[in-house]
Each structure stands twice: as C-alpha cells, then as structure tokens.
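The values are calculated or read from the model by the stated rules, or taken from the named source; none is laboratory data. Nothing here was measured: the structure is a model prediction, and the numbers come from that model. Don't worry about glycine lacking a Cβ; one is built from the backbone with ideal geometry, like all the others, and counts go over all protein chains shown.
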Amino acid sequence: MSLIIPNSLSQFLTNLNFTSTPAVICFTLMVVFMLNLIFILKPSPEIFLLDFACYKPPSSLACTKEMVLKRLRLYGDFSEESLEFMKKTLETLGSGESTYLPEGLVREPPEMSTEEARKEAEMVMFGAVDELLAKTGVKGEEIGIVVVNCSSFKVVPSLSSMIVNRYKLREDVLSYNLGGMGCSAGLLAIGMAKNLLKVG
C-alpha cells in the first residue's frame, strides 16, 4: 500500500514547527490516525476450514438420556437441584435421545478415576485426530500449531502434549492446552487458533 501525500499536506509538514506543543500533538495524532487507517485497510490473511472430524464412540457405550440420569442418581453425590440442572442441560443440548457414556461410567459399579478419564480423553482425541489426518492426508510433521481445549479435565502430561507425542509432531510445534475454563473455552480455543494462524 502506498501513501499519496497531497501538496497542501506536504507544505504543512514542511512548515510545521516542532517546538510548539500544539504542533507536536497535532502531528502525533495525525500519525496515529494514519497508522490506524493503514492497519484497518490492510487485508488480513483468510483462514479456511479444510475439514473436520467428530469422534463417534463404539455402540457398546451408547445409552439414553434417562440412563445417564439414572446412573448419576445412583452413583453420584448430587443434590436434587444439581440433577434437575443436568436433566435440563441434557434436554437442551440438541444431542438427540441417545448419547454415550465413558467406559468407566458404563461399568458396574462405575470406575471414576484419573486413569479412566485419561483413557476416555485418548479415545476421543486420538479417534478424531486419526480420522481428520486420514481425511486430509496431512502428515504429523506438517502440523505447526496444536490448540487443545477440554473444559474440565486437566492432566499431566497435558492433552496437547499427548497429541504432539502420539503423532510425532515437529520439535518446534506451537502447542497450547486450554483447560478448566468451562464451555466458553471452545470459542477461546478457536479464536486463539485463528490469531496464531494470522501471525504465522
């Protein structure tokens, strides 16, 4: 982008007395305005979604919403108010009549441990990433940025590290793990990835 300076502006800049405070303020504001104008008019690189993948668990983990609530009532330590909130959430999610439970919660009695949560995370993440890499033909060494979001499960090593190690990503890969921020973290992760791609 080139700037065309009209003659009157050129004369103004030539005659400007930089020893007077109003002139310095005026010139500074003009420079700030011009820089903002350049920044706003500068085209930003476009970001496109090439493909996506959603993990679908095995049918052995499928259950109805009523089964989920029943298991929560039997094995969870939840108040009626909490159970009512979970029921309302299940009804408004738009996930249909059936859903899936983690393997540890399907067992009798349920096994709720960090190890089971890690197994569930690996199953979901690796299942989705495997499918996505197969669909796109992208190889691990071609990936430069990994942003992983999980609203509630935080583990060491991080979920993003698990992906970096599993798929043998580059040594200089930018790896970010967002966790513990609730449902809004999904939007934050997308925004973060978008901004990182613009910079890169």
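Can you find, within the stretch 143-200, the residue that is farthest from LEU133 (Cα to Cα) among those that are touching a Ser or Thr at 6+ places or on another chain (Cβ under 6 Å) and among the hydrophobic types (A, V, I, L, M, F, W, C)? Filtering the stretch 143-200 for residues that are touching a Ser or Thr at 6+ places or on another chain (Cβ under 6 Å) and among the hydrophobic types (A, V, I, L, M, F, W, C), the one farthest from LEU133 (Cα to Cα) comes out as CYS183.
For every residue, the table says whether it meets (1) out of contact with any helix residue (DSSP H, G or I) (no Cβ under 8 Å at 6 or more places or on another chain); (2) within 15 Å of LEU50 (Cβ to Cβ); (3) at pLDDT below 90; (4) not assigned by TED's automatic domain parsing to the domain that holds LYS168.
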position	(1), (2), (3), (4)
GLU108	yes, no, yes, yes
ALA117	no, no, yes, yes
THR136	yes, yes, no, no
LYS139	no, yes, no, no
VAL146	no, no, no, no
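Checking each residue in the stretch 134-185 for being in a strand (DSSP E or B), small (Gly, Ala, Ser) and either touching a Phe, Trp or Tyr at 6+ places or on another chain (Cβ under 8 Å) or in contact (Cβ under 8 Å) with a residue 40 or more places away in the chain (or both) picks out only GLY179.
Quick test for you: out of VAL124, VAL138, VAL106, pick the one residue that is under 28 Å from MET162 (Cα atoms) and over 27 Å from the mean Cα position of the chain (by Cα). Break it down into steps so the answer makes sense when it comes.
Values: VAL124 fails: over 27 Å from the mean Cα position of the chain (by Cα); VAL138 fails: over 27 Å from the mean Cα position of the chain (by Cα).
None of the other options fit; the residue is VAL106.
Residue count for the stretch 89-117 under the criterion of being outside any loop (DSSP other than H, G, I, E, B) and surrounded by fewer than 15 Cβ atoms within 10 Å (Cβ to Cβ): the result is 6.
When the stretch 48-67 is examined, which residues are found to be surrounded by 12 or more Cβ atoms within 10 Å (Cβ to Cβ) and modelled with pLDDT under 85? None - no residue of the stretch 48-67 is surrounded by 12 or more Cβ atoms within 10 Å (Cβ to Cβ) and modelled with pLDDT under 85, so the list stays empty.
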